[in-house]
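First comes the structure, then the notes that go with it.
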Amino acid sequence: MSELSVKHLLGIKYLNEKDIQLIFETADHFKEVINRSIKKVPSLRDITIANIFFENSTRTKLSFELAEKRLSADVINFSAGQSSVKKGETLIDTVNNILSMKVDMVVMRHPNPGAGIFLSKHVNASIVNAGDGAHEHPTQALLDSYSIREKLGDVSGKNVVIVGDILHSRVALSNIFALKLQGANVKVCGPKTLLPKYVESLGVEVETDLRKALNWCDVANMLRIQNERLDISYFPTTREYTQQFGVNKKLLDSLDKEIVIMHPGPINRGVEITTDVADSKQSIILNQVENGVAIRMAVIYLLASKIK
């Protein structure tokens, strides 16, 4: 059997294209499993996984937990809000205390970029980055690419535009790495104040006109405005943002071709996309959620096979 070139999933930038294809092929198998009447496999019966979330999460946390349980792993859930972290315990002490309970793998979300990398150097367990600050969110990018592959047959050569708050988005960065690695053409679109200065150095083009971007693309990945990360005002009003960068059904129907609409969630309905776009046949948002479980099963299974 092929195996991953990495011991941890810290970010897409540490993977190669073979890793991504292996994860997708493994996810194909698990997608079959989760659509059966008995949705569990005993693959990881002897593996214990700790989900450690220092930031709020609904979909990602539930998705990982479901993936782990579908693989029959033992699962510990740890939420920093109700923990000794509040009393001043360090990250390494927190994790080492959890690892002393004989945990094999840690799935961690943390507000600080690089937290997973830091941890991987100090603890003896496999680390899965479930989002570190505005840095990376690798499993989201994998499930996004996997959903494009499922819908359009292949990622290579496809035109993908990422629209919205690129500056604060770990989803955007991971997606850019994953899409480029698989040979897609990528543009970003949003207010200039929400585009990182270095973004073109990642091999993507900037397009500030939403209609032009949508007419160019096969797929539009719509990001929400990350209000919790906005320390200053990056655009005049939400209404003005929506007028310039929001997608509604009228705009979608007026394009030269039918494009695929994606969203990593949570959706701010009526801001970046309207309800009739989110729920339209062009939207694959719910497919992304379903694929998230299969992709996370694949990642955990492949990393667990490297635990000796």
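Helical runs assigned H by DSSP (4 residues or longer) give the chain a calculated mean residue ellipticity at 222 nm of -11500 deg cm²/dmol, each run adding -39500 (n - 2.57) before division by the residue total. Give me the angle, in degrees from 0 to 90, between the Cα long axis of helix 170-181 and the longest principal axis of the Cα atoms of the chain, rounded to the nearest 10. Tilt relative to the chain: about 90 degrees.
In the chain, the longest principal axis of the Cα atoms and the axis of helix 285-304 are about 30 degrees apart. Annotation: extensible slack from residue 156 through residue 112 equals 12.6 nm (criterion: 0.36 nm per residue apart, minus Cα-Cα distance).
When you restrict to C-alpha pairs under 8 Å that are six or more residues apart and normalise by the size of segment 138-285, the relative contact order lands at 24 percent. Based on the Kirkwood approach, the hydrodynamic radius assigned to segment 138-285 is 15.1 Å, with every pair of different Cα atoms included. Here the Karplus curve 6.51 cos²θ - 1.76 cosθ + 1.60, taken at θ = phi - 60°, turns the phi angles of segment 22-37 into couplings of 5, 4, 5, 5, 5, 5, 4, 5, 6, 5, 4, 4, 6, 9, 7, 6 Hz, with x standing for Gly and Pro. Highest mean packing first, where packing is the average number of other Cβ atoms within 10 Å per residue, the peptides 66-73, 273-280 line up as 66-73, 273-280.
Can you tell me which of 238-246, 135-143 comes out highest on packing, and rank the rest after it, using the mean Cβ neighbours within 10 Å? Walk me through the numbers on the way to the answer.
Working: 238-246: 15.8, 135-143: 26.4.
Per-residue mean Cβ counts within 10 Å order the peptides as 135-143, 238-246.
Axis angle, to the nearest 10 degrees, between helix 138-152 and the longest C-alpha principal axis of the chain: 50 degrees. On the beta carbon distance between residue 29 and residue 286, with R0 = 25 Å, the FRET formula returns roughly 0.75. When the label point is put 7 Å from the Cα of residue 57 along its Cα-to-beta-carbon vector, which residues of segment 131-151 have a backbone N closer than 11 Å? Once the point is set 7 Å along Cα→Cβ of residue 57, 131-133, 137-140 turn out to lie under 11 Å by backbone N, inside segment 131-151.
Computed on segment 86-214, the Cα convex hull volume stands at 134 Å³ per residue. Straightening the chain between residue 21 and residue 276 buys 88.5 nm, computed as 0.36 nm per residue apart minus the Cα-Cα spacing.
Summary of packing: across the peptides 15-23, 201-209, the per-residue average of other C-beta atoms within 10 Å ranks them, highest first, as 15-23, 201-209. Modelled this way, with points 7 Å down the Cα-to-C-beta line, the labels at residue 254 and residue 38 are 5.5 nm from one another.
Using the structure shown, select from 69/158; 102/180; 121/192; 69/249; 7/31 the pairs with a Cα to Cα distance greater than 30 angstrom. From 69/158; 102/180; 121/192; 69/249; 7/31, over 30 Å: 69/158; 102/180; 121/192; 69/249. Residues of segment 154-171 with an amide N closer than 20 Å to a point placed 7 Å from the Cα of residue 200 along the Cα-to-Cβ direction: 160-168.
Each label was represented as a point 7 Å from its Cα along the Cα-to-Cβ direction; for residue 192 and residue 212 these points are 1.3 nm apart.
Every read-out reported here was derived from the displayed coordinates using simple, explicitly stated rules and does not represent laboratory data. This is a predicted model, so every value here is computed, not measured. When we count neighbours, we look across all protein chains shown, and the Cβ atoms used for this are built from the backbone with ideal geometry, even at glycine.
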